[in-house]
Amino acid sequence: MQRDPLPLLLIEDNPADLRLLTELLDEAAPGRFRVHSARRLAEGLDELRARSYPVVLLDLSLPDASGLDTIDAVRRVAPKTPLIVLSGLMDDELAERVCERGAAASFVKGEEMITGLIEAISRFTFKSG
């Protein structure tokens, strides 16, 4: 039985990162995910108010918000939705702070993250539904 693609909300302002992530997910797991995107935090929050997503993927650097405050804003609107942070730069200290703020996981953007990202999405969606 074919399952419907799992909808993911990706809050990411960089078109190249959006395209890369969408392509990597499709190559690694064809037809398994449907990426919905928002290019600003406000747009992403509006989307979360209008619709429930099983997982949110969040960039920490957006035109209308940056840093750990982006996590806080998403947590206020969707407190129980697993949140995975994607960043161009992620050291151990930032990864720890991201998790302390309520993110379920964090990854450095790039091709090498895709296997771990898919595993995290699967783990969180299996637990929640």
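Only the coordinates and a few stated rules stand behind these numbers; no lab work does. Note that this is a predicted model, so its numbers are computed, not measured. Backbone-built Cβ (ideal geometry, glycine too); neighbour counts: all protein chains shown.
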Positive-pole candidate from Leu117, Leu62, Gly31, dipole of the chain, charges at beta carbon: Gly31
Antiparallel DSSP beta bridges within the chain, as percent of all bridges there, nearest 5: 10 percent
Spin-label pair Thr125/Ala50, simplified geometry with 7 Å Cα→Cβ offset, distance in nm: 2.1 nm
Using a Förster distance of 30 Å, the FRET efficiency for Arg97-Asn14 (Cβ separation, nearest 0.05): 0.85
Between the range 12-72 and the range 105-125, the alpha-carbon center distance in angstrom: 13 Å
Taking Lys109, Lys80 and counting other C-beta atoms within 10 Å, the order from fewest to most: Lys80, Lys109
Neighbour cut-off at most 10 other Cβ (10 Å), DSSP loop, trypsin sites (Lys or Arg not before Pro), the range 8-74: Arg51
